[in-house]
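Bear in mind that the values in this text are calculations on the coordinates, not laboratory data. Computed from a predicted model, the values in this text were never measured in an experiment. All Cβ positions, even for glycine, are placed from backbone atoms using ideal geometry, and neighbour counts span all protein chains on display.
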Amino acid sequence: MLRATLKSLRSRKLRLVLSGIAVVLGVMFVSGAFVLTSTLGASFDSLSASVYAGTDVAVSGKAPVSGGEPDENSATVPAELIGDVRAVSGVEKATGVVSVSGARVIGADGKVVTTSGPARLGTSWTGTADHRRLRTGREPRAADEIAVNASLAAAAGIEVGDRVGVLTLQPKKTFTLVGVFGYSGDRDTVGGAQEVSFIEPVAQELMLGRTGVYSAVVVEAAPGVAPEVLRDRLSAALGDTYDVKTGRQLQDAAAEVFREALSFFNNVLLGFAGVALFVGTFLILNTFSILVAQRVKELALMRAIGASRWQMIGSVLVEALVIGIVASALGLGAGIGVGALLAYVFRHVGNTDLPMESIEIPASAVVSAFAVGTLVTLVAALLPAVRAARVPPVAALREVAAPDRPLTRLTVAGVLITAIGGAALGLGLAGQGGAATMPLLLGGVLVSFTGIALLTPMIARPVVSVLGLLFSRSVPGRLGRLNSARNPRRTAITAAALMVGLALITGVHVVLESATASFTTMVDTRVKADLIISGAPGGDSAPTFDPAVLGRARQIGGVREVVGEYGDIAMINGRPNRVTAVTDLAAMTRMLPLRATEGTLATLPAGHLAVDAKRATELGLHAGSTVRVRLARGGVRTMTVAGVYTDDDVYRVGGWILPAEAAHDFRVAQPSFGYLRLADGADVSEVRKQIDALLADSPEVTVGDRGAFIAQQSSQFDTILAMIQLLLALAILIAVLGIVNTLALSVLERTRELGLLRAIGLRRSQAMLMIAVEAVVISVFGALLGLAVGSGLGATVVRALRKEGFTDVALPWERMGTYLVLAVIVGAFAATLPAIRAARVDVLHAIAHE
C-alpha cells in the first residue's frame, strides 16, 4: 500500500507541488520571523556589549513621573553626586554624562531629520576615550559649537563648518558644526541613533533644562573590584534615591528594549504567516478533494482487492505528510533567506549599522517550520482522506463518479461555526473577555472565516451563474459560466483564498476610513478654530514650537483669539496620566467641544485644574476636590478641581487640563498645538502666510485650516496601509496559486470533455477563452465575497468602538472598486497556463482518455 501511495504521489508531483507552495510561503514567514529576531537580537547584543564595555557601574536618578515616554529623560542627578561616588571605596573614576533623546537637527534642506524609531540623542562631549572616534574636524569647545555622528551628518547633508539649527527643550538654536565622529568598529551610528554632542553646560541646559545636573554618572571600578561588588557598595552609600546598575545590567536592559521593538516586525511576519497558512489550508483541501474525486475508480479498485478504509485514509495522509515535509524544508530555506534579507535591509536601509557577523538560525525556526508545515498539510488533507475511505468498491464498475452530495450538512455546519465565531468576536469587541480579549478576537476572526467558507458553496452556484451572464454572449463564455457553477464546493474553496485575504484587508480599510471620517466629522462640526498649528504624529518626541509664536500671532490683524496647548505625562494621585496645559481655557471652550458640568471653565487660576467627567466619576471628584500632582520637574503639589467638563467622548485633551504656568514644569515647556480663531471677514490665507513666517524656526510644525489638519493627523495610517498592501500582495499570490491549481486539475479532469468540444468545432482560442471566463468568474466571486465579509467585519468593529470616538462608518469605495478590477486581472492571469494546456489537448487522445 505504501509503494502504491508513493508511486501515485510521483505521478502527480506537479499538481501537488502547486498545492504545497502555499505551505512554503507560510513556513517561510514563520521561520523568517524567528531568523530575523534572532539575528538582529544577537547583533544588538554584540553592539551593546561594545557600547557598555567601558562602563562598570552607572548611577542615574529615578524618574519623578513614570508610565510615559519622558520617564528616562526627566530623571537627573546633581553634579555634587560625583564627589560622593568618588568617595566610595573601589571607584577608580566617575564621570557625569548627559545623554537624552529629543535633539532634532535641521538638515540642509530646512527640514528636521527624522528617524523610523531610533533615538535622536543630545549628549555632552566627554572626549574620545570611550567608543567615539573623531573622523573629521575637532571636538566642540564653545557654547555655539557641536559635533554629530557620521550617520546624522550624511542624513542631514551637513559638513564641518556649516551652521546647523537644532531643536531641543528650547526653540531652535544655531550652532557651528566643528566635528563629525564615528564609533569603534568603524560604525557611523549605534543602533541607528542620531547623536548631537554639545559642550557640557550647553547639553545640560538644552537637554535637561538646567545646568549642574547629569543624566547619569558613569563609574569605572578600581583594578580587582568586581562591578557587582562596586554596585552594592554604591547602593549602600547612596541609598534608594538613585538607580545603580552594572554595565551588564544596562546592556541587558538595552537589549530587552530592542527586542521589544523588534517584536513588532516579528508579529507582522507571523501575521503574514498566519494568513498564508490559513488560506493555504483551503488550497490543499481543494487539491486533495479534486484528486480524490478524480481517483474514485482507482480507489474503488483498491478497496475491491482488499484495501481497508484505514489504509485509504493512510494513503492520502502519507501523500499529505510528504508534501508537508518537503514544503516545510523549502519554506525553512526560504525563511532563512528572507530573515537574512530583512536583517540586511534593517541594517543598511534602516541605517542602524548593526554589526552582523553571521545569520542566526535558532532551533525555534527549524522546529516551528516543520511542525507548522506538516500539521497544516495533514489537517487540510484529513477531510479528503475520510472521503476517500468512503468510496465503495462497487464504484469501480461505474463509468463516472457519484454525483455531488447535497449541501445541507455543510450549510448547517457553516451557520453554527459562523455563529460561534461571531459570538467570540462580540465578546472580544465588547471588552468582556478580560485577559482573553485578544485570543477571543483572533479566534473569533479565524472561526468566522471558517464558517463563512463553509457557507460559500450554498451561494456559489447562483452568484457565479449571475456573474457569468456578463461573459455569456459567446459560446466559450457560456461554457465557462456553466463550468464555474457545476461544482459549487470546488468553486467556493478556490474563491476562499482570495476571499480571506480581501476580507482582512477590506476590514482594516473600513476601520481606518471610518477613523478618518469620524475625525473629519468631529473637526468640521465641533472644532471652531479657523487655523491650527500642529505637527505630524509619530517619532521619538512630539513636534513643538516656540511659545513666543503665540504672543506674536495675537498681534496679527484679523486674529481674534489664540490658544496654545502643551502636553506631558504627570503623576496624579500616584498614577500616570496624560495632562494638558492651555494658555486660555475660556477661549479653548469657544473653539473646542468642552462644556462644564460642574464648577467653571471660565478661568483656571494657578493651583487649579479641570478634569473630564469620566475620570471625575472614576475617582469620585467634584468641583472643589483636591488631587496630588507631580510633574516632570518640581515636587508634589496639591491642586484643586476648578471644573468638571464633558467633551462628548470625541475630542480628548488628555482628561486633565492645567493652567499655563504649569507647563514650565513639563518635560518640554513648548506648545504642541496652537488654535486660532479669526475675526469675521479676516483674510484666512493672508493670516496663514504671516503665521507661516512666525514658524520659520519651527520646521516640525505647520499651520493650516481644518482640512489640512485632518490630512496631517491622518498620515499616521500610512504605515498601516503600506503593510496592508503587502498583505494584499500575499493574498493575491496565494489566490493565483489556488486558481491555477484548481483549473489545471479541472482541465485534466475534463480531458475527454475538451476533446469532444474540440471535435465538434471549438477552436483553440475558444477553449482558452472558456478557461479564462471560468477563472475570472471564480476570482470575481471570491473578491465580492471578501469585500462583503470585510465590510461587515469592519463596520462591526467600528460600531464596537463608538465610545472611542468612532461616529461614522465609511466604506473605501474607491479601493474596493480597485480590488474588483484587480480580481479580474488575477483571474485572467491565473487562467493563462491552464488555458494554454486546454488549447493543446490532442483531440483523438482526449476522446480516448479515461
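Per-structure values
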item	result
Where Rh is the Kirkwood radius over Cα pairs, Rg/Rh for the stretch 121-179	0.93
Residues I323, I836 arranged by fewest to most Cβ contacts within 10 Å	I836, I323
Spatially close lysines, pair count over the chain: Cα under 27 Å, gap of eight or more or interchain	14
Ratio of Rg to Rh over the stretch 737-850 (Cα coordinates, Kirkwood Rh, two decimals)	1.25
Packing rank of 277-286, 546-555, where each peptide gets the mean count of other beta carbons within 10 Å, highest leading	277-286, 546-555
Counted charge near L167, where neighbours are those whose Cβ lies closer than 10 Å (Asp, Glu -1; Lys, Arg +1)	+1
Where only alpha carbons of the stretch 475-607 are counted, the Rg and the Dmax (Å)	26.7, 84
Cα-based helix-to-principal-axis angle, 718-749 vs the chain, degrees rounded to 10	10 degrees
Ranked R303, R473, R120, criterion: other C-beta atoms within 10 Å, fewest first	R473, R303, R120
Charge context of Y675, other residues only, Cβ under 14 angstrom, K/R +1, D/E -1	+3
Dipole magnitude of the chain about its Cα centre (Cβ charges: Lys, Arg +1; Asp, Glu -1), debye to nearest 20	4680 debye
C-alpha long axis of helix 813-830 to longest principal axis of the chain, angle in °	40 degrees
Diffusion coefficient, µm² s⁻¹, Stokes-Einstein with Kirkwood Rh over alpha-carbon pairs of the stretch 99-213 at 25 °C and 0.890 mPa s	180 µm²/s
Antiparallel %, DSSP beta bridges [both residues in the chain], to 5	80 percent
For the chain, calculated [θ]222 nm from helices alone, where every DSSP H run of n ≥ 4 adds -39500 (n - 2.57)	-18500 deg cm²/dmol
The chain: angle of helix 2-11 to the longest principal axis, Cα-based, in degrees nearest 10	80 degrees
Projected-area mean, the stretch 584-722, by convex hull of Cα positions, square nanometres	10.9 nm²
Charge context of L152, other residues only, Cβ under 9 angstrom, K/R +1, D/E -1	-1
Size descriptor, Kirkwood hydrodynamic radius, that averages inverse alpha-carbon separations across the chain, Å	31.5 Å
Cβ-based exposure ranking for R526, R815, in which fewest neighbours within 10 Å come first	R526, R815
